[in-house]
Structures are given as structure tokens and as C-alpha cells.
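Here the structure is laid out as C-alpha cells; the discussion comes afterwards.
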Amino acid sequence: MIEIKRRAAALGFAATGVARLDPNPHAAELDRWLADGHAGTMTYLHRQAEQRKDPRLVMPGAKTAIVTLTNYFHGDRNPNPEPRVPRVAQYAWSSDYHEVLGKRLEQLAAAIRELIPAATTRCYIDAGPVPERELAQLAGLGWIGKNMMLIHPEIGSFTFIGVILTDADLEPDLPFEADRCGTCRRCLDACPTQAFVGPRDLDARACISYLTIEHRGEFTATQSEQVGDWVFGCDVCQDVCPWNVSFAGATHDPELAPHPQRRPERQGCVSESLRLNVSEGKPRGSFRSPFQGPVYSGNSSSVGRRSGIQGSRIRVGSLARRRCGRRRCLNLWSLIRLPARFNLSAQQRAVLDRQSVR
Ligand code: B12
Ligand code: SF4
Ligand code: SF4
């Protein structure tokens, strides 16, 4: 096992552990969470429930899971130097982690098969029917915080979890039994939408991450207000966590370096950070995630409303030009109507007023 962990470290994984595959000790919590409707429209979570409750069903003959953590923290606790510009969660600032880490997991799986020639393996990152946080806790990599994130005591929670299931009978690590949240409840109190029904109980339907990524269709006025400046994901319940404040250190992983256009100073340029595919005069546009295809498409004004950043009737072309000087950006911003809460300066407002179309 030491050699597998050494190979994992050489591939860039920040921490690796092994869990034995048994029925999920928190299967009842998953059942209750689903029965309460907290999965919203993520119906795949209902379909995959039996496998999440007993991960041995995911791969016949599987006995153990090798679980990896990869740090994606970019060293920025306040992603927007200018307040009230569109915000993208840190996990989406770099290349698609499914691809980057999927390849690394395959390399680690090849190393396992080299070390244990009879072994078979299957790799998962985010997309499969695997209870990833649960397995990470069982593999000794950290505890599940009140914000439901897997928190490593030395790295924090800005980590991706990768899982390799194998039929090899590896020696498991000890589960991480301690709950190091103590009496803290900063994440619960800081959530902008009060999406936590209680500790480790998130109603995803109210979570900004769900609203900006999973939710289809236009936002209601309340949802638009709740989503605020976030256009893809949300970092608040991690940003406030003392374990991140104290221990999260910036990743130096070149393959997870932030794309220049997704860095905080460029996040005003929504079209680049999210590949918002809208151009002036076109009746329809689409709202694409940095990871997959379109998240939403509709007419251009509803795309603006969908992103939660529509409100007043000001056209903002000149503001966009001053932000990044790129035409695509200008096209998008001229279609998005900025809400009053973006706190424009008097000078900006004067420029915008000259262009406003009501
Ligand atoms: C669906 C999903 C979402 C949904 C629902 C989130 C949720 N809280 O369940 C939405 C879209 C909202 C979402 C948001 C985010 N997600 Co997400 N998501 C998933 C996904 C695909 C499934 C999670 C799931 O099954 N949820 C259902 C709940 C009930 O299950 P669970 O989270 O495993 O919770 C178990 C434990 O809490 C346990 N339990 C309950 N009580 C107790 C008590 C104790 C003591 C213990 C030990 C356990 C325990 O029981 C539960 C059921 O088994 C996983 C990938 C995967 N395949 O697992 C990624 C995953 C959880 N997401 C991830 C990330 C990064 C995020 C975001 C940070 C993205 C962002 N910046 O916007 C946010 C964080 C929101 C939050 N605070 O949870 C990472 C988390 C990494 C980590 N370090 O924890 C994962 C693991 C993907 C990955 N491979 O890296 N996500
Ligand atoms: S990701 Fe944001 S909206 Fe979702 S639970 Fe955390 S703080 Fe609340
Ligand atoms: S903010 Fe506090 S309660 Fe929330 S996960 Fe971090 S330590 Fe736990």
C-alpha cells in the first residue's frame, strides 16, 4: 500500500487512503435526504441510491476503494477585488477537473494493476454512483463537516475527491472518526440562501451551486435575488470555514492553474469565464458551463435573467469595454441588465445613462 500511495503522490495527489467496501453506514441519512426532496431535479441521485448505499454494487467483486484528494484552492479568499461583479466558484477556474484528474486516476489505476497483476480497477471522479465523501472519510482522509464537505485537517476542503474501485484486497486505513467542527456553525450561518436545514443536511434546491448549475429554466425573482453575484457554483460555506482560513494553501499544480480569463480580476467578463454564448441582436443565447455543454439556453434577455444578474434597465456596454476591452464581452454585457446592487459609481452611471435604452 505504501508503494501505491507513493505513486499517487508522484502523480500529484495531495492525500490518498484506502477504504474497505461495506454497506454505507449513513445509508439512512441518504434515504431521508432523498425522501425530503432535497435532491430537487437531480433524479439520478434517486436512481443511484442503492449503489451509494452499498458501493459494492457499483463494481461486481470490488473489495476496496483507493481514495484521493487533490487541492484546488487558488489562494484567494475574496475572489472579487471589485465587489458585486459576477463570481465563479474556485473549482471552475481551471481546466475541467473531470478530465485532468480522470487521466491521473487512470495512471494510478495502471500502477495498481502493475503492482497487483490480477487486480481489476474502475475510476470515478464526481460523475459515478459512488458516495465519494463517505469513502474519503472511511479512508481516513478527513471528516464530513457541517457544510457536508470532506475536510482534511491539513489541507481543508477545497479538494476534489477521486475514487478507484478494485477487487484487490488492500489493507484499509483507519476511518477518520473525529468530528472537528465542534461548536462552530459559521458555514450554516453564512450561507446566503440559508440552504442548510441543519448540520450535514443541505436542501440542494436552495443551494446556489444547484441553482446556477443544475436548475433548468428561468429563476423566480426570489431565486435571482438569492443567487446574487454568483454565476457558477458558490464558495461561501467553504470560505468561512476556519479549517480553510487557517490551513488551505494555494495549489501549485500546473494542470489546475486558473485560466487567465477566470481569474478574479477578469470575472467581470462573464462571457469568457462561462462561455456565455450570446451576441447582440441574436434572439437566442446559451449559458454554458466551463465543464459541460449548455446549462441553459433561451432568448438573450432570459439568459441574463437566468444568470441572476439582470435587474435594472441599464445597458452596460461601455462598462464591459473598460473592464476587458474585448468585443465578445461587450456583446454579452450589452445584453445583460445590471441590478442596482452592483453599486455603480456616479461616473459609471453617467456613462451608462448616456447609453441606456429603456
Ligand atoms: C449531487 C452533488 C452536489 C449537489 C448536492 C450537494 C450535497 N451536499 O449533497 C450540489 C449541486 C448542490 C453540489 C454542490 C457542491 N458540490 Co457537489 N457533488 C454532488 C455529488 C455528485 C453527489 C453528492 C451526494 O450524493 N449528495 C447526497 C448527500 C446526502 O450525500 P453525501 O454528500 O455523500 O453525504 C453523505 C454524508 O453527509 C453522510 N453523513 C450524514 N451524516 C453524517 C454524519 C457523519 C459523522 C458522517 C461521517 C457522515 C454523515 O451521509 C450522506 C449520505 O451517504 C458528489 C460526487 C459524488 N459522486 O459523491 C459531488 C461533490 C460532493 N461535490 C463537490 C463539490 C466541490 C461541490 C461544491 C463545493 C461546488 C461549488 N463550489 O459550487 C458545492 C458544495 C455544496 C455543499 N456544501 O455540499 C465535491 C466535494 C469535495 C469535498 N472535499 O467534499 C464532490 C465530492 C465532487 C468531487 N469528486 O470532488 N454538489
Ligand atoms: S455552496 Fe453556497 S449556497 Fe450552497 S450551501 Fe454552501 S454557502 Fe449555501
Ligand atoms: S465552518 Fe465550522 S461548522 Fe462549518 S464545516 Fe467548517 S468547522 Fe465545521
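Structure above, values below:
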item: Residue in segment 198-214 that is in a loop (DSSP other than H, G, I, E, B), buried (at least 18 other Cβ atoms within 10 Å of the Cβ) and more than 15 Å from ligand 3 (Cβ to nearest atom) present; result: yes
item: Near pairs, Cβ below 6 angstrom, 6+ apart or cross-chain, from segment 202-217 (in the same structural domain as GLU29 (by TED's automatic domain parsing) and touching a residue at least 12 places away in the same chain (Cβ under 8 Å)) to any residue that is more than 9 Å from ligand 1 (Cβ to nearest atom) and of a type in the set (Phe, Trp, Tyr); result: none
item: Residues of segment 90-128 classified as farther than 19 Å from PRO55 by Cβ, among the aliphatic types (A, V, I, L, M) and surrounded by fewer than 21 Cβ atoms within 10 Å (Cβ to Cβ), total; result: 6
item: Search result, residues across segment 63-77 that are in a loop (DSSP other than H, G, I, E, B) and within 23 Å of the chain's Cα centre (by Cα); result: TYR72, PHE73, HIS74, GLY75, ASP76, ARG77
item: Tabulated pairs, segment 219-236, first acidic (Asp, Glu), second more than 9 Å from ligand 2 (Cβ to nearest atom) and in a loop (DSSP other than H, G, I, E, B), C-beta under 6 angstrom, 6+ apart or interchain; result: ASP229/ARG84; ASP229/PRO86
item: Filter result for GLY162 (part of a loop (DSSP other than H, G, I, E, B) and either touching a strand residue (DSSP E or B) at 6+ places or on another chain (Cβ under 6 Å) or on the phi > 0 side of the Ramachandran plot (or both)); result: no
item: Selected residue [away from ligand 3 (no atom under 16 Å from the Cβ) and not assigned by TED's automatic domain parsing to the domain that holds THR121] from THR220, THR183; result: THR220
item: Scope segment 143-159; condition in a strand (DSSP E or B) and either out of contact with any helix residue (DSSP H, G or I) (no Cβ under 6 Å at 6 or more places or on another chain) or more than 6 Å from ligand 1 (Cβ to nearest atom) (or both); matching residues; result: TRP143, ILE151, HIS152, GLY156, THR159
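Rundown of residues vs (1) of a type outside the set (Gly, Ala, Ser); (2) touching a helix residue (DSSP H, G or I) at 6+ places or on another chain (Cβ under 9 Å); (3) at positive phi, yes/no style:
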site	(1), (2), (3)
ALA9	no, no, no
THR16	yes, yes, no
MET42	yes, yes, no
ARG47	yes, no, no
GLU50	yes, yes, no
LEU57	yes, yes, no
PHE73	yes, yes, no
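Each row is one residue, and each column tells you yes or no for (1) within 16 Å of ligand 3 (Cβ to nearest atom); (2) of a type in the set (S, T, N, Q); (3) under 20 Å from VAL58 (Cα atoms).
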{"residue": "GLY128", "(1), (2), (3)": "no, no, yes"}
{"residue": "ALA136", "(1), (2), (3)": "yes, no, yes"}
{"residue": "GLY142", "(1), (2), (3)": "yes, no, no"}
{"residue": "GLU154", "(1), (2), (3)": "yes, no, no"}
{"residue": "THR159", "(1), (2), (3)": "yes, yes, no"}
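Yes/no per residue for (1) within 19 Å of the chain's Cα centre (by Cα); (2) among the β-branched types (Val, Ile, Thr):
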| position | (1), (2) |
| --- | --- |
| LEU101 | yes, no |
| ALA127 | yes, no |
| MET148 | yes, no |
| PHE158 | yes, no |
| GLY162 | yes, no |
| ASP167 | no, no |
| LEU188 | yes, no |
| ILE208 | yes, yes |
| LEU211 | yes, no |
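Here's the yes/no breakdown for (1) at pLDDT below 95; (2) part of a loop (DSSP other than H, G, I, E, B); (3) within 16 Å of ligand 3 (Cβ to nearest atom):
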| position | (1), (2), (3) |
| --- | --- |
| PRO25 | yes, yes, no |
| GLY37 | no, yes, no |
| LEU45 | no, no, no |
| ARG52 | no, no, no |
| GLY61 | no, yes, no |
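The values are calculated or read from the model by the stated rules, or taken from the named source; none is laboratory data. These numbers were taken from a predicted model, which means no experiment stands behind them. When we count neighbours, we look across all protein chains shown, and the Cβ atoms used for this are built from the backbone with ideal geometry, even at glycine.
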